[in-house]
Amino acid sequence: MKKLLLIAPIMLFFASCKPYQYFTVAAPELQQDSLKQYVFENDTMKVLYNFTGYQGPLKVTVINKLREPIFLDWNRSAMIMNGESVALYQPSFQFSGRSVGSSVEVIKDVSLNSSRMSGTLSGQEGVDMIPPGSSRQRSVLAPLHRSLLDAGFNTENKKYFDDDKTSIRGRFLDYSESSTPLIFKTYFSFRLESTPDLVRHFESRFFIKDVFVTIAGPDQVGQGVNRGDRFYTK
């Protein structure tokens, strides 16, 4: 019994020392904004990708640049990780949005005023309507961390977090697109009100470009963890 009492705190000590892994996402074909979010943009829409958080979530913000609604079809949208497709549609999901401008006429005698919204929707068909001049944000359950559990990060390479000499020092691995443990794509389908039978799509390509391993938690490493191209696991 005494041996068990001695072993228990030792096990708790080692469990508490389990390291954190901070991953940085690269997108060779996209630009980044001041928050380090990745930006896809064309004449139809502007899309922001944000990976900040625990275990690789993905927040997608779609901004409608047209004078007609965009219908984003989650039933026909997916994330493709190392060649494996993961559906993005969920029957119930969190959403938020805002209208840009004072008033937008959608159809005759129907207009939208500037507003904010949030809540939970029960999606019957898995389609979001994004009115003209407005945006819609959705959090996608992107299981990125599951593909990284067996990647193997044992290395003697050490550096300071974000090369900040006053910050935490830890193990570091740098990847190229050919050596990365994870390549993934986002594939989104949408329709326009003027051409409802024509399904269009856009896709963006990403990969893990580096990982920083340390016992220091997010509250210790500083603001380097709060950027759109980085997430962490433990």
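Bear in mind that the values in this text are calculations on the coordinates, not laboratory data. Treat the numbers as computed from the prediction; the structure is a model and nothing was measured. Every residue, glycine among them, receives a Cβ derived from its backbone with ideal geometry; neighbour counts consider all protein chains shown.
Starting from the amide H of Ile168, placed 1.01 Å from N in the peptide plane, find each other amide H under 5 Å away whose residue is 5 or more places distant or on another chain.
Residues meeting the criterion, in which the H sits 1.01 Å from N, are Phe161.
Taking all pairs of different Cα atoms in the range 184-234, averaging 1/r and flipping that mean, what Kirkwood radius in angstroms comes out?
Details: mean 1/r = 0.0687 Å⁻¹.
Evaluated on the range 184-234, it is 14.5 Å.
Once you've got the Cα coordinates, tell me which of Lys46/Lys234; Lys46/Lys185; Lys46/Lys159; Lys36/Lys185; Lys59/Lys209 are over 24 Å apart.
Details: Lys46/Lys234 33 Å; Lys46/Lys185 17 Å; Lys46/Lys159 36 Å; Lys36/Lys185 18 Å; Lys59/Lys209 19 Å.
Those over the limit are Lys46/Lys234; Lys46/Lys159.
Extending each Cα 7 Å along its Cβ direction at Phe202 and Glu41, get the distance between those two points in nm, one decimal.
1.1
Going through the range 184-220, which trypsin sites (Lys or Arg not before Pro) have at most 16 other Cβ atoms within 10 Å and a DSSP loop state?
Numbers: sites: Lys185, Arg191, Arg200, Arg205, Lys209; in loops: none.
Of the trypsin sites (Lys or Arg not before Pro), not one in the loops of the range 184-220 has a Cβ with at most 16 other Cβ atoms within 10 Å.
If packing is taken as the average number of other Cβ atoms within 10 Å across a peptide's residues, how do 217-226, 40-49 rank, most packed first?
Working: 217-226: 14.4, 40-49: 16.0.
Listed from highest to lowest mean packing, they are 40-49, 217-226.
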